[in-house]
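The values are calculated or read from the model by the stated rules, or taken from the named source; none is laboratory data. Every value quoted in this text rests on a predicted model; they were computed, and no experiment measured them. Reconstructed Cβ throughout: ideal geometry from the backbone, glycine too, with neighbour counts over all protein chains shown. In case anyone asks, the SASA skips ligands and DNA or RNA and just uses the protein heavy atoms, side chains included. Shrake-Rupley method; radii C 1.70, N 1.55, O 1.52, S 1.80 Å.
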Amino acid sequence: MKNLVLFSIILILPVCSSFCQEITGNISGIVLDNVSNEPLPYANVILTNIDPPAGVMSDKDGRFLIKNIPVGTLSIRISFMGYQTHDINNLSLKPGKDLQLKIYLEEKIYKADEVTIKGHIDKTKTRNTMTSVSSRGFTIEETKRYAGSLNDIARMASGFAGVQVESDGRNDIIIRANSPSGLLWRLEGVDIPNPNHFGAFGSTGGPISLLNNNQLDNSDFLTGAFPAEYGNAVSGVFDLSMRSGNTNNYEFMGQLGFNGFELGAEGPLTRKKASSFMLNYRLSTLELFKILGVDFGTGVAVPKYQDFTFKINLPSGKAGKFSFFGIGGKSQVDLKHDDFDSTRQNTYFGQGYNVINRTNQIVLGMTHIYRINETSYTRLNLAYTFHDFVTETDSVDQANNILIPDYRNIFRENKIHASFFYKKKLGPKANFKTGLSTNIYFHYFIDSVYNKNFNQFTTLTDYRGTSSLIQPYISWQIKPSEDFTFNLGLHYQFYTYNSTSSLEPRLGAIWHFAERSSLNLGYGLHSQVLPITIYNKETYLNPGYNNYNEKLEMLKSHHIVLSYNHSFNDFLRLKTELYYQYIFNAAIDAGSKNSYSILNQGANFYIPAPDSLKSAGTGNNYGLELTMEHFLNKGMYFLATFSLFDSKYKGSNGIYRNTAFNGNYIANLLFGKEFEIFSSTKGKTKKYYPGFDIKLNYRGGQRHSPIDTTCSQNHGLPVYIDSEAFSLQYPDYFRIDLKLSVKIFVRQSNMEFLLDVQNLFNRKNIYNESYDREKNEIYYNYQIGRLIIPQFKIEF
């Protein structure tokens with residue numbers, strides 16, 4: 001604790017004597033039609049909460065720039081003839097960091113009536129205009145504001161209704177009791193592999209996010225009945241956008257915190273053509289936090305990682321707009337038996353094992369947007385992705401102090417992505433979008449487990465080949481009046497590996513039956529190909545191997561959602577959703593009758609899968625979600641969510657059981673308040689913004705299966721009682737997170753210092769059980785205890 005206090009003092013000393021004259025900043029952006037993406041020239045952009053009001057008109061390309069505005073909280077009104085007026089409140093303008101906005105206006109259906117959308121950036125609406133239910137736009141400020149989020153968008157989303165993060169040490173998110181592997185990650189229109197350091201194949205999460213929220217823009221999060229352009233997902237979608245660099249001024253950023261030491265730079269390439277660049281590099285600082293006494297679940301071992309992010313925008317006039325983007329990272333950790341410390345958290349490995357892991361990821365992409373005319377445009381995405389995951393596991397004979405080989409794997413995926421869509425606006429009452437997405441996979445997958453009986457490694461997977469996933473779609477939106485919107489769509493996907501396919505209808509309807517109230521209905525059939533390791537699981541039949549899983553069908557799911565939304569005023573809203581999900585074609589054991597189902601994949605780091613599977617399993621999830629939210633206003637916000645649900649599945653034994661994720665209820669309460677302290681002495685001004693954020697999370701305990709100690713002793717590893725699969729439940733999970741922060745505005749720069757206190761009261765929540773083969777005992781592994789994490793950030 002003394003080290004932590006000293007570290008905090010060192011960070012904040014340089015800013016304690018900062019003074020400046022009048023502190024101002026700039027606001028820039030572009031105004032666009034929300035359907036056709038057409039720039040709206042000569043739109044009015046007015047700052048309404050300063051005296052006197054100030055504003056400008058957008059230029060012929062829809063762009064605007066307002067200079068020398070006093071920093072602080074601002075409100076902006078944007079209007080354009082024939083479009084609904086849009087008010088955006090509680091925008092934060094900081095010195096040394098221009099506020100960049102991309103504003104979408106909706107065309108009126110009845111031009112005679114003046115309609116104004118007031119309040120906040122409406123989080124009930126997504127950037128994707130085809131969504132009807134179970135969707136939410138979110139700002140990157142939220143990922144930075146919410147306590148316990150660690151600047152991670154996945155952890156941030158765990159505060160939303162129906163969403164949870166099962167492990168404190170990882171960010172795999174469970175949506176409506178679905179397996180975490182059912183989530184789709186999309187970045188800049190490209191479907192990307194697991195975007196996390198130490199992210200395994202077949203999973204969608206990891207300990208540290210590769211996605212740096214300092215480089216992300218406002219994005220969408222969907223939890224059911226997705227529009228037709230989304231495929232190969234059954235639980236949810238993160239549709240993320242990267243922000244563009246500043247087109248007017250050069251800016252720099254430095255940050256030191258739990259996620260790493262970061263350096264960033266951005267600015268114009270040519271101001272005249274509004275081209276820009278953005279670069280960021282991050283290096284692990286866990287060595288430093290280990291010295292400070294922070295425990296992150298790896299015993300005394302220290303994970304190491306680094307990553308980079310970039311985006312370059314090159315508008316080219318009549319040729320369209322080109323952008324190039326990329327993320328990449330590498331990570332490694334050596335978890336050794338000697339590193340096991342019973343006084344520390346050991347979330348990632350058990351006593352008596354050595355685990356070595358290496359992970360590398362790359363995403364490189366290009367986007368071309370071409371405006372055909374004022375009502376239509378096309379978008380082309382080309383990308384290359386790479387994911388490499390290597391693991392070596394050895395058991396340790398503690399009596400003789402020797403290593404016994406246990407498991408080896410090299411999982412490597414190269415992917416080429418190409419997608420294209422055409423979008424056409426048919427007036428204010430209708431528009432459609434049609435497109436095609438293709439992923440070409442080049443796989444190199446080998447893993448094996450040591451077989452004591454044969455004194456050799458037995459192959460589990462041995463696949464080196466190419467396959468493609470082809471996904472065409474069409475969406476149609478109809479607005480017969482201001483009160484009704486219908487979203488219709490059809491998605492198709494074909495997997496060349498085994499020639500399986502799925503034709504999927506998507507339907508949505510929105511009825512604004514009152515000025516501030518709406519009823520929303522959504523339906524969709526969704527499917528997902530299985531992890532390539534499942535298709536290629538080998539069965540050893542001396543003297544050779546057989547593969548029984550090549551013809552497995554896609555996992556499929558029907559979603560139906562009914563939603564009610566009501567806004568009490570410009571900042572307070574209530575949302576309720578009823579949902580039902582029927583899952584079929586789930587992979588279950590084809591060789592014997594037991595409880596195995598792929599629907600429980602992701603409940604732990606490794607779930608042994610039978611050699612022979614069939615697509616005959618089923619499951620269902622249904623529940624009620626409540627959300628009461630006060631959007632940020634005058635420095636204050638709160639979010640309260642409650643989810644009541646049930647999740648069941650059926651394996652090859654025909655018995656309906658609780659899934660591994662059936663906690664039955666989740667409750668969250670988030671609250672935050674920021675204060676403005678303003679002082680002026682002899683013409684010099686300084687501003688401080690102290691604040692606090694708190695999060696309470698209470699949910700049903702994780703389901704688990706009992707361990708048979710007798711069989712475990714005979715086999716030397718944990719053996720679970722299959723007839724009682726997921727019949728037990730750990731005690732309820734409860735945790736409180738607190739974040740204290742202060743922002744300091746000085747001339748041409750802003751600084752932020754914060755303390756993020758996770759698990760404030762150090763509650764011991766059970767994570768899982770492990771088996772000690774030497775003592776033939778079962779012991780608990782606990783979630784991460786109290787963490788006190790400092791962070792410092794400067795922008796100039």
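Among 646-657, 667-678, 229-240, 88-99, the peptide with the highest mean count of other Cβ atoms within 10 Å heads the list, and the full ranking is 229-240, 88-99, 646-657, 667-678. For segment 417-555, pairs of C-alpha atoms spaced more than 25 angstrom apart make up 51 percent of the total. For Lys479, the aspartates and glutamates whose Cα comes closer than 13 Å to its Cα, not counting residues fewer than 8 places off in the same chain, are Glu106, Glu107. For the residue pairs Lys97/Lys687; Lys429/Lys634; Lys634/Lys793; Lys272/Lys311; Lys97/Lys318, alpha carbon separations beyond 27 Å are given by Lys429/Lys634; Lys97/Lys318.
With charges only on Cβ, +1 for K and R and -1 for D and E, what is the dipole size of segment 508-642 about its Cα centre, in debye, rounded to 20? Present the calculation step by step, with values, prior to reporting the outcome.
Working: 9 positive and 10 negative charges, 18 e Å.
Computed about the Cα centre, the dipole is about 80 debye.
Any idea what % of Cα-Cα pairs in segment 672-763 are farther than 15 Å? In whole percent, the share of Cα-Cα pairs in segment 672-763 beyond 15 Å is 75.
Listed here are the pairs Lys102/Lys321; Lys686/Lys743; Lys144/Lys739; Lys415/Lys551; which of them are more than 18 Å apart at the Cα?
Among Lys102/Lys321; Lys686/Lys743; Lys144/Lys739; Lys415/Lys551, the Cα-Cα distance tops 18 Å for Lys415/Lys551.
When only alpha carbons of segment 192-311 are considered, Rg and Dmax amount to 17.5, 54 Å. Using R0 = 56 Å, the C-beta based FRET efficiency linking Ser499 and Phe568 works out to 0.60. Counting only aspartates and glutamates at least 8 places from Lys433 when in the same chain, those with an alpha carbon closer than 14 Å to its own are Glu229. Computed over every Cα-Cα pair of the chain and binned at 20 Å starting from 0, the pair-distance distribution P(r) comes out as 15, 50, 30, 5, 0 percent.
Ranking request for peptides 785-793, 311-319, 617-625: highest mean number of other beta-carbon atoms within 10 Å first, then the rest in descending order. Present the calculation step by step, with values, prior to reporting the outcome.
Numbers: 785-793: 18.9, 311-319: 14.9, 617-625: 20.8.
By packing density, highest mean first, the sequence is 617-625, 785-793, 311-319.
What does the charge dipole of segment 347-489 about its Cα centre add up to, to the nearest 20 debye, if the Cβ of each Lys and Arg holds +1 and the Cβ of each Asp and Glu holds -1? Intermediate results must be reported in sequence, preceding the final value.
Numbers: 14 positive and 11 negative charges, 201 e Å.
In total the dipole reaches around 960 debye.
Can you bin segment 705-753 into rounded, prolate or oblate? Criterion: square roots of the alpha carbon gyration tensor eigenvalues sorted a ≥ b ≥ c, rounded for a/c under 1.5, prolate for a/b above b/c, oblate for the rest.
Working: a/c = 6.62, a/b = 3.57, b/c = 1.85.
It is prolate, given that a/c is not under 1.5 and a/b is the larger ratio.
Shape class for segment 226-295: oblate, because the ratio a/c of the largest to smallest gyration tensor axis (alpha-carbon atoms, square roots of eigenvalues) is 1.5 or more and b/c is at least a/b.
Given a 1.4 angstrom probe, what's the average accessible area per residue across the chain, in square angstrom? Present the calculation step by step, with values, prior to reporting the outcome.
Numbers: 31970 Å² over 796 residues.
That works out to 40 Å² for each residue.
Taking packing as the residue-averaged number of other Cβ atoms within 10 angstrom, the listed peptides 267-278, 707-718 run from highest to lowest as 267-278, 707-718. Built from the Cα atoms of segment 117-262, the convex hull projects on average onto 9.9 nm², one quarter of its surface area.
Take the solvent-accessible surface of the protein heavy atoms, probe 1.4 Å, and return the percent of it on the chain that carbon and sulfur atoms account for. Could you put the intermediate results ahead of the total?
Numbers: 18490 of 31970 Å².
Its accessible area is 58 percent carbon and sulfur atoms.
Of all aspartates and glutamates in the structure, the ones whose alpha carbon falls short of 16 Å from that of Lys593, not counting any fewer than 8 places away in one chain, are Asp611, Asp722, Glu724.
With angles folded into 0 to 90 degrees, how steeply does helix 2-12 sit against the dominant principal axis of the chain? Use alpha carbons for both and round to 10. Approximately 30 degrees, to the nearest 10.
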